[in-house]
């Protein structure tokens with residue numbers, strides 16, 4: 001009986017201390033990747049909308065200064081954009097080049113998101129197996 005109690009205690013420790021924290025970290029990472037993917041898609045859609053404009057000279061729009069403060073902006077030539085490729089490095093590209101780059105980045109981020117989703121699913125499956133094992137240990141009558 002003490003042996004079963006010890007096994008149950010070890011499995012519960014593993015379940016609550018290890019697996020649940022791993023699941024939380026994996027889920028947070030997955031959510032972060034999904035929000036990054038959403039930002040990429042939003043930017044890509046905005047660039048496609050600019051491409052559809054009849055004229056890309058003197059395009060006006062609003063710039064978000066944060067805290068719901070906006071300012072009117074007039075862009076003299078919207079045929080090119082500056083894309084941030086590193087924390088302190090921006091590259092000037094045409095709209096088409098920027099859209100192509102964003103499509104490639106989106107593909108890479110999707111692969112990462114799929115791997116992270118699989119990792120979350122594996123952790124959930126592991127949690128389910130440990131819970132089933134615990135249930136079996138608890139309900140199985142001990143042979144004394």
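Every number in this text was worked out from the coordinates using simple rules, so none of it is lab data. This structure is a prediction, so every number in the text was calculated from the model and none was measured. Glycine gets a Cβ as well: all are built from the backbone with ideal geometry, and neighbour counts include every protein chain shown.
Can you tell me how region 73-134 classifies by the Cα gyration tensor, rounded, prolate or oblate, using a/c under 1.5 as the rounded cut?
Numbers: a/c = 4.56, a/b = 3.99, b/c = 1.14.
Here region 73-134 falls in the prolate category.
Among 44, 66, 35, determine the one that fluctuates most according to a GNM of the chain built with springs between C-alpha atoms less than 10 Å apart.
66
Compute the relative contact order of the chain as a whole-number percentage, counting only Cα pairs closer than 8 Å that sit 6 or more residues apart in sequence.
Once normalised by length, the contact order is 34 percent.
How large is log10 of I(q)/I(0) for the chain at q = 0.18 Å⁻¹ when the intensity is taken from the Debye formula with one equal scatterer per alpha-carbon?
The Debye formula, applied to the Cα set alone, gives -1.09.
Take 83, 103 and order them by how many other Cβ atoms sit within 10 Å, fewest up front. It would help to have the intermediate numbers written out before the result.
Working: 83 17, 103 11.
Least crowded to most crowded, the residues run 103, 83.
Please arrange 110, 23 by how many other C-beta atoms lie within 10 Å of their C-beta, fewest to most.
Sorted ascending by nearby Cβ count, the order is 110, 23.
Could you give the nm distance between label points at residue 14 and residue 53, where each point is 7 Å from its Cα heading toward the beta carbon?
For the pair residue 14/residue 53, the computed spacing is 6.0 nm.
Note down, for region 100-144, the three equivalent ellipsoid semi-axes (square root of 5 times each alpha carbon gyration tensor eigenvalue), biggest first, whole angstrom. Kindly include the intermediate steps, with their values, before the conclusion.
Numbers: eigenvalues 388, 4, 3 Å².
Ellipsoid semi-axes (Å, largest first): 44, 5, 4.
With just the Cα atoms defining each centre, how far is region 100-134 from region 36-90? Give it in Å.
Between the Cα centres of region 100-134 and region 36-90 lies a distance of 31 Å.
If the viscosity is 1.567 mPa s and the temperature 4 °C, what translational diffusion coefficient in µm²/s does Stokes-Einstein give for region 1-66 when Rh comes from Kirkwood over Cα pairs?
77
For the chain, set up a Gaussian network in which alpha carbons nearer than 10 Å are linked by springs, and say which option among 131, 111, 62 fluctuates the most.
With Cα springs under 10 Å in the chain, the top fluctuation among 131, 111, 62 is at 62.
Using just the helices of the chain, give the 222 nm mean residue ellipticity in deg cm²/dmol: DSSP H runs with n ≥ 4 each add -39,500 (n - 2.57), and the total is spread over all residues, rounded to 500.
-22500 deg cm²/dmol
Which order results if 70, 14, 30 are arranged by neighbouring Cβ count within 10 Å, fewest first?
Lowest count first: 70, 14, 30.
Quick one: the Cα spread of region 52-101 along its three principal axes, in angstroms, biggest first?
Principal extents (largest minus smallest coordinate, Cα): 32, 29, 15 Å.
Could you work out how far apart the two model spin labels at residue 107 and residue 37 are, taking each label as a point 7 Å from the Cα in the direction of the beta carbon, and quote it in nm?
So the two model labels end up 1.6 nm from each other.
Springs between alpha-carbon atoms under 10 Å, Gaussian network over the chain: tell me which of 87, 54, 76 tops the mean-square fluctuations.
Greatest mean-square fluctuation among the candidates belongs to 87.
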